[in-house]
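Novice: Below you will find the structure I want to go over with you.
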Amino acid sequence: ETIETEEKPVFDFKSYMIEKATRVNKALDDAVSLREPLKVHDAMRYSLLAGGKRVRPVLCLAACDLVGGTESMSMPAACAVEMIHTMSLIHDDLPCMDNDDLRRGKPTNHKVYGEDVAVLAGDALLAFAFEHIAVSTSGVSPARIVRAIGELAKSIGSEGLVAGQVVDINSEGLSDVGIERLEFIHLHKTAALLEGAVVLGAILGGGCDEDVEKLRKFARYIGLLFQVVDDILDVTKSSQELGKTAGKDLVADKVTYPKLMGIQKSKDFAEKLNRDAQDQLSGFDSRKSAPLIALANYIAHRQN
Amino acid sequence: ASPSSVSIRSKAADFDLKTYWTSLMVQINQKLDEAIPVKFPQQIYEAMRYSSLAKGAKRAPPVMCISACELFGGSRLAAFPTACALEMVHAASLIHDDLPCMDDSSSRRGHPSNHTIYGVDMAILAGQFLDLEGGPNAVGFIQDKKFGEMGECSAVCGGLLAGAKDDEIERLRRYGRAVGVLYAVVDDILEERLKPEGDKDRKNRGKSYVGVYGVEKAAEIAEELRAKAMEELDGFEKYGDQVLPLYSFVNYAIDRSFNVDDASG
């Protein structure tokens, strides 16, 4: 008589993110401890531990989990990806690049420590990211660790992040930037590191080649999605809603998706990217893929 | 030193390092050239090539790496990727060192520095990228530009690639560090001698061995380092003549008997 009302467990995205981000923050704090020489480590920690949603490291952990790996296999890589993301922000903010004084509401690294230390803190984070994966990953074969390191290097080098930055710099003020060039920039500037995060998790977690490639595609779709949504928010939200200056792209005369295809088509494009991304996950255990699906939806539907 | 190490040391004094080094350099330059083809976006690859293929570079880190690898019978072909990685990391650190916010140098090895030609933004990105090309074997020492670190890493990488035993790796580590620091100390001393009277210890005071200790004490330090490096190599006696290049690097660090830059052609 007692019918068990077994409800499908609802995935609680918010507490999942909070729990994972807390673990990532602890791991980062331990990895980049304050040591000699104090100044550069202090500068590294200033930007690395400044908050942020930790989307990249959580993607890495979630991908590892999805293919059956454990946290100790992917946590060093997850931290490495965040270190590299932080490095790119520090270097982006430099006077010779975007020349920003504020980042996440705090003075930028070079404003606090000087340009010379900021360049070195970025370099040190970049170097340490690789050292950390090489030295601290446990329970993974050397062959997979080497493969992961190669993937990460490629995703941020001149075939990845750096390529995107260069083409972006070269495109400023150009009137005829087409959709292809725009996509190149975003696939390299934003999507490459997200791809690296996901693919590293999959490789280190022991995923087979087929799974790794499915997750790579998933990451590319959400990487592009991330940027399309960013562009839409820039024109549809106020500065207050965004927590940063709205309409910045228009003022900077930057080419964006709304500019090239209009707002409605951009929104449709975003929906399609989200669907395409989630399609890649259909072959996996639905309980295990819940975090990645929720992350994709979060990226698609975020309001700031 | 034992009689046999005395004999190998004297053999090393006759070793034709110039021919050995130059022929290796030709191969290293070719591998580097192949490793960094120009792709899209062209500008960044050109900036990277400008610095890592620059004429006038001695290619000391890759040469040291290959010599250490060959000491244990490792193959030169297997060592090339790591050897090139060491040179790229070296180039990256020089690019960032020259930036206006760092040492602000407008020239390097007699040519305009990277940012002077490609702009500071490209120079930062090129340096960042060269750091990465290195891959798994060359990580962890990028920001430490010091010769000791580079010498240590180059020697250790070569040994690791050849499957040297742990105690041999540690010996290489001490040797590489000693040679690297020795090279830097001798550089300081030579530079001091070249300076016109009155200009001495103006800029580098506190930054160089001579600036901190004075010429005499720096020469003493150099002698200690030389003895230390030689002593470490005596431990590789059983490898016979394969160790000769490593001995002759120590001699070269002191006497600079030829100019590698000219040899590059």
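The values are calculated or read from the model by the stated rules, or taken from the named source; none is laboratory data. No experiment lies behind these values; they were computed from the predicted model shown. Cβ atoms come from the backbone with ideal geometry, glycine included; neighbour counts cover every protein chain shown. Keep in mind that these areas ignore ligands, DNA and RNA; they rest on the heavy atoms of the full protein, side chains included. Shrake-Rupley method; radii C 1.70, N 1.55, O 1.52, S 1.80 Å.
Novice: Quickly estimate the mean residue ellipticity at 222 nm for chain A, helices only: each DSSP H run with n ≥ 4 gives -39500 (n - 2.57), and the total goes over all residues, rounded to 500.
Specialist: -22500 deg cm²/dmol
Novice: I would also like to ask the following. With Cβ to Cβ distances under 15 Å as the rule, what net charge do the other residues near B:Asp16 carry (K, R +1; D, E -1)?
Specialist: Summing Lys and Arg as +1 and Asp and Glu as -1 gives -1.
Novice: Another question about this same structure. Just tell me which aspartates and glutamates come within less than 14 Å, Cα to Cα, of A:Lys53; anything on the same chain fewer than 8 places away is out.
Specialist: Partners found: A:Glu19, A:Glu82.
Novice: Would you please classify the overall shape of region A:53-152 from the alpha carbon gyration tensor, given that a ≥ b ≥ c denote the square roots of the eigenvalues, rounded means a/c under 1.5, and beyond that prolate means a/b larger than b/c while oblate covers the rest?
Specialist: prolate
Novice: Sticking with this structure for a sec: Considering the zone a paramagnetic label at B:Ser23 would reach in this model (a point 7 Å from Cα along the Cα-to-Cβ line), which residues of region B:36-59 have amide N under 11 Å from it?
Specialist: From region B:36-59, the list is empty.
Novice: Whenever you get a sec, compute what percent of the accessible area on the protein assembly as shown sits on carbon and sulfur atoms (1.4 Å probe). The partial results should precede the final answer.
Specialist: Working: 13030 of 25600 Å².
Of all accessible area on the protein assembly as shown, carbon and sulfur atoms account for 51 percent.
Novice: Same structure, new question: Shape verdict for chain A, please, from the Cα gyration tensor: rounded (a/c under 1.5), prolate (a/b greater than b/c) or oblate.
Specialist: Oblate.
Novice: When the Cα centres of region A:114-164 and region A:168-226 are compared, how far apart do they sit, in Å?
Specialist: Cα centres, region A:114-164 to region A:168-226: 17 Å.
Novice: So which of A:Lys272/B:Lys39; A:Lys189/A:Lys267; A:Lys14/A:Lys259; A:Lys26/A:Lys254; A:Lys20/A:Lys189; A:Lys237/A:Lys272 end up more than 28 Å apart by C-alpha?
Specialist: Beyond 28 Å between Cα atoms: A:Lys272/B:Lys39; A:Lys14/A:Lys259; A:Lys26/A:Lys254.
Novice: Under 13 Å from the Cβ of A:Phe13, count the other residues' Cβ atoms, weight Lys and Arg +1, Asp and Glu -1, and hand me the total.
Specialist: +2
Novice: I would also like to ask the following. Counting other Cβ atoms within 10 Å, which trypsin sites (Lys or Arg not before Pro) in region B:44-121 have at most 14 and lie in a DSSP loop?
Specialist: B:Lys55, B:Arg109
Novice: At a Cα cut-off below 20 Å, give the aspartates and glutamates reachable from A:Lys111, other chains included and same-chain residues fewer than 8 away excluded.
Specialist: Of all the aspartates and glutamates, those that pass the test against A:Lys111 - Cα under 20 Å, at least 8 places apart if same chain - are A:Asp42, A:Asp92, A:Asp93, A:Asp98, A:Asp100, A:Asp101, A:Asp123, B:Asp97, B:Asp103, B:Asp104, B:Asp121.
Novice: Check every DSSP H run in chain B and write down those whose alpha carbon atoms cover 18 angstrom or more along the long axis and whose mean Kyte-Doolittle hydropathy is 0.5 or greater.
Specialist: B:76-98, B:147-161
Novice: In nm, to one decimal, how far is the A:Asp98 label point from the A:Ile18 one, both placed 7 Å along Cα→Cβ?
Specialist: 2.9
Novice: Points 7 angstrom from Cα along the Cβ direction at B:Ile254 and B:Lys238: gap in nanometres?
Specialist: 2.8
Novice: Here is a further query. Add -39500 (n - 2.57) for each DSSP H run of 4 or more in chain B, then divide by its residues: what number comes out at 222 nm, to the nearest 500 deg cm²/dmol?
Specialist: -22500 deg cm²/dmol
Novice: To the nearest 20 Debye, how big is the dipole of the protein assembly as shown about its Cα centre, given +1 on the beta carbon of each Lys and Arg and -1 on that of each Asp and Glu? Write down the numbers at each step before the final one.
Specialist: Working: 67 positive and 85 negative charges, 57 e Å.
In debye, rounded to 20, the protein assembly as shown gives about 280.
Novice: So what is Rg over Rh here for region B:1-131, counting just Cα atoms and using Kirkwood for Rh? Before the final figure, lay out the partial values.
Specialist: Values: Rg = 17.5 Å, Rh = 16.2 Å.
Rg/Rh for region B:1-131 comes to 1.08.
Novice: Mind jotting down the three principal axis lengths of the protein assembly as shown based on Cα atoms? Whole angstrom, largest first.
Specialist: Principal extents (largest minus smallest coordinate, Cα): 95, 60, 40 Å.
Novice: Moving on to the next point. With label points built 7 Å along Cα→Cβ from the Cα atoms of B:Arg76 and B:Ile117, find their separation and express it in nm.
Specialist: Going from the B:Arg76 label point to the B:Ile117 one covers 2.8 nm.
Novice: Summing both sides, how much accessible area is buried between A and B? Use a 1.4 Å probe and give Å² to the nearest 100.
Specialist: By this definition, chains A and B bury close to 2500 Å².
Novice: Are there any trypsin sites (Lys or Arg not before Pro) in region A:36-106 that are in a DSSP loop and have at most 16 other Cβ atoms within 10 Å? List them by number.
Specialist: A:Lys53, A:Arg104
Novice: Which residue fluctuates the most in chain A, going by a Gaussian network model with Cα springs under 10 Å, if the choices are A:Ala143, A:Ala192, A:Ala127?
Specialist: Highest fluctuation of the listed residues: A:Ala143.
Novice: Here's something else I'd like to know. In whole angstrom, how far apart do the alpha carbon centroids of region B:1-60 and region A:11-31 sit?
Specialist: Distance between centres, Cα-based: 46 Å.
Novice: Would you mind classifying chain B by shape? Square roots of the alpha carbon gyration tensor eigenvalues, ordered a ≥ b ≥ c; an a/c under 1.5 is rounded, otherwise it is prolate if a/b is larger than b/c and oblate if not.
Specialist: Cα axes put chain B in the oblate bin.
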